[in-house]
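Here the structure comes first, spelled out in structure tokens, and everything after it is commentary.
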Amino acid sequence: MTIDFGDGYVDVPRFSRWQASDSLTASLPPGASERRFTVGPAFFRTFQIEDIVPPPFATENGSDGTIYHFRSDPEAPLALTMHLRAQGPGVVRYRVGVNGEAMKDARTIVWP
């Protein structure tokens, strides 16, 4: 499922398997040399992040969730991939955000 944010997007898995590897990808729009990707707290009730490519230079907890900070060329979009593993089956509803834009809803169905 693709969620549009201005010039960027977040592609979340529509379906996933319990205990199987999956990925969430994003293209963060060009802008200041720092880019931000935010994931709401509900995401972490089901998903474990195994790896983030490229790695963020900082991570912080904000009012909307966990904010990952990345450095990149200010003239080009930043492509990132989060490698995930679902820790339990069910329907997962969570929110994602890019560069401080309003958070948007996402949903993943995790099969047993």
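The values are calculated or read from the model by the stated rules, or taken from the named source; none is laboratory data. Please read all numbers here as calculations on a predicted model, not as lab measurements. As a convention, Cβ positions derive from the backbone with ideal geometry for all residues, glycine included, and neighbour counts pool all protein chains shown. Areas reflect the complete protein model, heavy atoms only, side chains present, ligands, DNA and RNA absent. Shrake-Rupley method; radii C 1.70, N 1.55, O 1.52, S 1.80 Å.
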- Options Phe57, Phe47: the member that is farther than 22 Å from Ser16 by Cα and in contact with a Lys or Arg (Cβ under 8 Å, 6 or more places away or on another chain): Phe57
- Sort out which residues of segment 68-87 are over 16 Å from Gly8 (Cα atoms) and open to solvent by 30 Å² or more (accessible area, probe 1.4 Å), and write them in order of number. His83, Arg85, Gln87
- Item | Where Ile109 falls short, out of the listed (1) surrounded by fewer than 18 Cβ atoms within 10 Å (Cβ to Cβ); (2) among the aliphatic types (A, V, I, L, M); (3) without any contact (Cβ under 8 Å) to a residue 60 or more places away in the chain | (3)
- segment 50-59, residues that are of a type in the set (Asp, Glu) and loosely packed, with under 12 Cβ neighbours inside 10 Å: Asp51
- Message: Return the residues of segment 88-102 that are open to solvent by less than 20 Å² (accessible area, probe 1.4 Å), modelled with pLDDT of 95 or more and among the β-branched types (Val, Ile, Thr); say none if nothing qualifies.
- Response: Val92, Val96
- Residue that is touching a Gly at 6+ places or on another chain (Cβ under 7 Å), open to solvent by less than 70 Å² (accessible area, probe 1.4 Å) and closer than 20 Å to Lys104 by Cα, where the choices are Gly62, Gly40: Gly40
- Query: Which residues, taken from segment 4-26, are over 15 Å from His83 (Cα atoms) and crowded, with 18+ Cβ neighbours inside 10 Å?
  - Reply: Phe5, Gly8
